[in-house]
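Below is one structure, written out as structure tokens; comments come after it.
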Amino acid sequence: MTSAEATPPLDIADRADRAFLGHPKGLGYLAFTEAWERFSYYGMQALLVLYMVNELLLPGHVENIALFEPFRRLYGLEGQPLASAIFGTYAALVYLTPILGGFLADRVLGKRRTVLLGAVTMAVGHFLMAFELTFLFALLCLILGNGMFKGNIASQVGSLYKPDDLRRADAFQIFYLGINAGVIASPLVVGTLGETVGWHWGFGAAGIGMLIGLAIYLAGQKYLPKEHFEPQARAARADRPRLSRSDWLATAALVLLIPVMAIAVVPNQQIFNAYLVWGDQRFDLVFMGTRLPTTWLVTLDAIVSVSALVAVTVFYRWYGKHWREPDELGKLIIGSLFSVGGMLCLFMAAASAGPEEKIGLFWPVLFHVVNSIGFAHMLPVSLALFAKLAPKAINATVIGLYYLAFFGGNSLVGWVGGLYETWPTTSFWLLHAGFAAVGLVVFILFRLLLAPRLMASEPAPLPA
């Protein structure tokens, strides 16, 4: 009998429950569980491509991986291009498997058991990364575990509140603070151990982080939302409203935006792939006589990204009091401009140093600042656009389709990342600027041609 079955859940949708920062106790357990899960996930992701390029795929190591030869033949690549392709496949599937995890939770196990199974599966995957033999099995466990864990724990946050409880928005802010805390801390611990002590020590630390998250989730079972299965009756399904012509137009426009979004997010998603390889090889990371771990670049990006999200939100709240705030497509256009600018910063970094010269951190740091401002206009705003335009009858389905953009984007990241080894670095980053420019042009076309028919007159505020 599981903990969820043994402990009668409380009726936690109660406004009197303010034990955690004015919110239900369950939010605290969910936030800390998510923080440790993201600690393990991003720590492992920060190490993955560096580990493959610098050790695992080299002669004397690659032969030890079980079933790797037929797997490698699927790609037809070697060395760094193969490492980038594997990373891209892994990062893409991470955004596809939550569909399976949602079905498993809704129809078979319930959210609690699915999250528990996902956490255990991810912990096993992290520990399997400590052995070269089980590398492919480790990736499989991490992909499947993330699919079961990712969406189901976030959905429990909303279930802590009654429909008219205004604390829900603040709850997600707190929940995402936990995510960002895990992202910032993981390269400092997991990345440092992996790069300075041994790769397998880093992966082991990620596994321990996942176990801590699992323990916190188990400890908070009685404070989490009740499990319920509510399959709709045939009559209820028959009463669903039919889609109007404008609904179909909006849905078609959003579906067409998915491949555009996939192209537009490639520059940002490359940070975990070829960008880390480049930084490891060429950046001047020596500080006061000590070389800093390359994975600390991920921590830098996380800190700058959180700051940019806050700054952009505050800016538009101020701007909206004086002038008309841009609508979602307007903000996507602004974000794309910044994304182009970020890639041009990397172009300048590559062009500023000779073939054997180390690259100073001025242009890379400026890239993180400019790119983070751009992504603050892209990720939350694009999701808000989908939520706004998706017809009510199929709103959840359309929002689920939104994440296919990240599946496609990360698939492209894996393929494009393989060009790093054969292309001049300046051309490589100009290509990424081109990806951002394609998104910019299409967003402008959507703004000119479709926005007057689809968008409401009042722009939605930027989600925090």
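The values are calculated or read from the model by the stated rules, or taken from the named source; none is laboratory data. Please read all numbers here as calculations on a predicted model, not as lab measurements. Cβ atoms come from the backbone with ideal geometry, glycine included; neighbour counts cover every protein chain shown.
Which numbered condition trips up Leu140, out of (1) in contact (Cβ under 8 Å) with a residue 40 or more places away in the chain; (2) in a helix (DSSP H, G or I)?
(1)
Among the listed residues Gly202, Gly182, Gly194, Gly209, which satisfies the condition of being part of a helix (DSSP H, G or I), modelled with pLDDT of 80 or more, closer than 21 Å to Tyr223 by Cβ and not basic (Lys, Arg)?
Among Gly202, Gly182, Gly194, Gly209, only Gly182 is part of a helix (DSSP H, G or I), modelled with pLDDT of 80 or more, closer than 21 Å to Tyr223 by Cβ and not basic (Lys, Arg).
Could you tell me whether any residue of the stretch 98-105 is over 19 Å from Leu224 (Cα atoms) and free of Cβ contacts under 8 Å to residues at least 24 places away in the same chain?
Yes, the conditions are met somewhere in the stretch 98-105.
Please find, among Ile99, Ile86, the residue that is β-branched (Val, Ile, Thr), in a helix (DSSP H, G or I), over 19 Å from Phe137 (Cβ atoms) and assigned by TED's automatic domain parsing to the domain that holds Ser186.
None of the other options fit; the residue is Ile99.
Output the residues belonging to the stretch 243-262 that are among the β-branched types (Val, Ile, Thr) and within 21 Å of the chain's Cα centre (by Cα).
Val255, Ile258, Val260 - these are the residues of the stretch 243-262 that are among the β-branched types (Val, Ile, Thr) and within 21 Å of the chain's Cα centre (by Cα).
Would you pick out the residues in the stretch 389-427 that are assigned to a helix (DSSP H, G or I), modelled with pLDDT of 95 or more and more than 22 Å from Tyr90 (Cα to Cα)?
Thr425, Thr426, Ser427
Going through the stretch 52-77 one residue at a time, which ones are surrounded by fewer than 22 Cβ atoms within 10 Å (Cβ to Cβ) and touching a residue at least 12 places away in the same chain (Cβ under 8 Å)? Let's see the steps before the verdict.
So in the stretch 52-77, the residues surrounded by fewer than 22 Cβ atoms within 10 Å (Cβ to Cβ) come out as 54-77.
Result: Asn54, Glu55, Leu56, Leu57, His61, Asn64, Ile65, Ala66, Leu67, Phe68, Phe71, Leu77.
Got a number for residues in the stretch 178-213 being farther than 12 Å from Ala302 by Cβ and of a type in the set (A, V, I, L, M)?
Residues of the stretch 178-213 farther than 12 Å from Ala302 by Cβ: 178, 189-190, 192-213.
Filter once more, keeping what is of a type in the set (A, V, I, L, M): 189-190, 193, 197, 205-206, 208, 210-212.
Here the count works out to 10.
Out of curiosity, is Asp301 among the acidic types (Asp, Glu) and crowded, with 20+ Cβ neighbours inside 10 Å?
yes
Is it true that some residue in the stretch 320-343 is more than 21 Å from the chain's Cα centre (by Cα), closer than 24 Å to Phe272 by Cβ and β-branched (Val, Ile, Thr)?
No; the residues of the stretch 320-343 include none that is more than 21 Å from the chain's Cα centre (by Cα), closer than 24 Å to Phe272 by Cβ and β-branched (Val, Ile, Thr).
Of the numbered conditions (1) part of a helix (DSSP H, G or I); (2) more than 30 Å from Leu254 (Cβ to Cβ); (3) touching a residue at least 24 places away in the same chain (Cβ under 8 Å), Ala353 satisfies every one except a single condition; which is it?
So the condition that Ala353 fails would be (1).
Considering only the stretch 115-131, state which residues are over 20 Å from the mean Cα position of the chain (by Cα) and assigned to a helix (DSSP H, G or I).
Correct list: Leu116, Leu117, Val120, Val124, Phe127, Leu128.
May I ask you to list pairs of residues, at least six apart or on different chains, whose Cβ atoms are under 7 Å apart, with the first in the stretch 312-333 being free of Cβ contacts under 8 Å to residues at least 24 places away in the same chain and the second being outside any helix (DSSP H, G or I) and of a type outside the set (Gly, Ala, Ser)?
Partner pairs satisfying both residue conditions: Tyr319/Glu325.
Would you tally the residues in the stretch 414-439 being closer than 17 Å to Ala353 by Cβ and surrounded by fewer than 24 Cβ atoms within 10 Å (Cβ to Cβ)?
So the count comes out to 8.
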